[in-house]
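Read-outs throughout are calculated quantities, based only on the coordinates presented, and are distinct from any laboratory measurement. Keep in mind the model is a prediction, meaning the values are calculated, not measured. Reconstructed Cβ throughout: ideal geometry from the backbone, glycine too, with neighbour counts over all protein chains shown.
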Amino acid sequence: MALVSVLLTPRRPRSRWGHGASVEGDGDVTPRFRRRPGWRLLAGASCLLLLAGCDGDKLPQARVLPGEVPGLDIPPPTDGQNNACKDAAKDPGRVTLHRLNRAEYDATVRDLLGDTTRPARDFPTDDHGYGFDNNADVLSMSPLLMEKYSAAAEKLVEEAWKKGTLRTCTLDAANPEPCARDILSRFARRAWRRTVSKEEVDRLLEFLALAKRHGDTPEAGVKLALRSVLVSPHFLFRVEKDPDPNAATPHRLSDFELASRLSYFLWSSMPDEALLSAAEAGKLGDPKELEAQVRRMLADPKAQALVDNFAGQWLYTRALDSAEPDKTLYGAFNEGLRSAMRQETQLVFREFINGNHKLRDLVDAPFTYVNDTLARHYGLPAPGSSTPVRVDLSSYPDRQGIFGHGSLLTVTSNSDRTSPVQRGVWVLEQLLCMAPPPPPPDVENLPPPIQPNMTMKERMALHRSDPACQGCHMLMDPLGLALENYDPIGRWRLQEVSGAPVDATGDMPDGTILHGAEDMRSFVKNDPKLPSCLTEHLLTYALGRGLSEADQCAVKEIAATAEASGGRLTDYILSIVLSDHFTHRRGETEVRQP
């Protein structure tokens, strides 16, 4: 089946309450199709490869599984629920054929070819689903994207060939096949992230004959074969096969499939030689080997991908690129401050990857990373450095934890004022998995003040007087109002722009009153839903699919295991990787819960 016909039905990304959780600035660049020398060879190369690209296996179509629900709310388990989970059938679910997204493509060609030009910036922007842009159900394939892949493959191969990184031997013009076989078998193994068969290499070698028939050199034939490897479904997609696509019985992933799941989870990239060799040796079925691989990979600099691609979307640091505070009111915000805010959140999360902090401590971590510019912005002592420095916040409780980060506070504000709604919804969605339903159609915006010096809390009370708004706002408004001491660019304040004194108290529906950010941190950190919610976001990202009701028991079990092991980010990651949800999958048939 031709790859360009694999159109994966996109699912709309979650978008509630005016949020753009994962905003990226790179747009689509309209291509100009040009026929250049060798165009017919390239077309023939692509067709030849694609016709044989999947060894006759049908490429599955994307679909929305019945029962999938956005913002899955997982309450703390009761004894009855625990018993239900104990007796429930294990269903690891299945992931749609997973196309590499732009970040994964760039990281993969970096590790495969040494290319750091980030060619995927020229690709169409990826859709988002369940908060992340690696959701397989929304990673569609179009003729435009296929054309971009073809152009990128040509450029990548040409540049790598010039550098000599692909040439493992010297092609003999009289007998090029032995050397060509060595080059192509080595390259395809790494690019396709598995062993390659003799028959597959034989098909690639047909490009030598194709080039010869057109009067080209063996080198041109090898380059065409290399390019065809890069437009193969085995490169562009993370292929996971089902022995029986219609069987509901779960089966364990092959070692190669598991290696790819693991490397794209932790690195957003292909397995390295150590992981690929372990898969070839059949070692990944051993939990101890899997754990050793996880710890090794988290210590590698490539684990920065978790910061950029997981935390960047979960904590909204990617959205900081598009934040534009009102220059008249908040002229202190500039590009230097934007960069310092982004680095602060990235460095704090990076410390959680390899540090000894419990993951829930992200809510009130007593340290951060600031340079002189950001320290002055926060009212902290300048560390005497233009680059971020780790500073202790024991004496500065108002800056502790993620709620004190200018990055989050800025992207959850409007350009001219704070937004208790956006801030409250962020807490509910990202930390407690209690996302409110979308606002009703034609809902009115926040009403203007009806008298001078009205506080934000008083204006929000007017908004809640509308019965259509009252239910949802009763829960999210108090959480956002507790952060009102932080202005739209994250500075501490005691007065609003209007001159009204800040009222940072949030009245929860159960009568609890949150007196500012300190109470908010304590409220969230002690909420029993926090571990399960952290697990839900990590598992969603790790699997590249949204979670359904059938996943509830697995989420609870993974969270409980992680907390019992110490509650660190590493414990959560290990609990996920060692779970059946990560190491197994089932066929197409839906598992029905009793």
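Once the convex hull of all Cα atoms in segment 518-577 is built, its volume per residue stands at 89 Å³. Sorted on the mean count of surrounding Cβ atoms within 10 Å across their residues, most packed first, peptides 535-541, 388-394 read 535-541, 388-394. Legend: residue pairs LYS223/LYS302; LYS155/LYS327; LYS327/LYS525; LYS148/LYS529, Cα-Cα distance threshold 32 Å; pairs beyond threshold, LYS155/LYS327; LYS327/LYS525; LYS148/LYS529. Ranking MET460, GLY406, GLY424 by how far each Cα lies toward the positive end of the dipole of segment 399-531 (charges on Cβ) leaves GLY406 at the top. Dividing the Cα radius of gyration of segment 484-589 by 2.2 N^0.38 Å, with N the residue count, gives 1.50. For the pair ASN485 and LYS163, a Förster radius of 45 Å applied to the C-beta separation gives a FRET efficiency near 0.25, rounded to the nearest 0.05. Take each peptide in 520-532, 162-174, count the other Cβ atoms within 10 Å of every residue, and average; sorted highest first, the result is 520-532, 162-174. Between GLU219 and GLU324, the simple spin-label model (points 7 angstrom out along Cα→Cβ) gives 4.9 nm. Ignoring aspartates and glutamates fewer than eight residues from LYS86 along the same chain, the ones with Cα atoms less than 18 angstrom from its Cα are GLU549, ASP551, GLU557, ASP580.
Calculation over all alpha carbon pairs of segment 77-202 in 5 angstrom steps from 0 returns a P(r) of 2, 9, 13, 15, 15, 13, 9, 7, 5, 5, 3, 2, 1, 1, 0, 0 percent. Farthest toward the positive end of the dipole of segment 258-326, out of GLY285, LEU298, TRP267, is the Cα of GLY285, where the dipole comes from beta carbon charges about the Cα centre.
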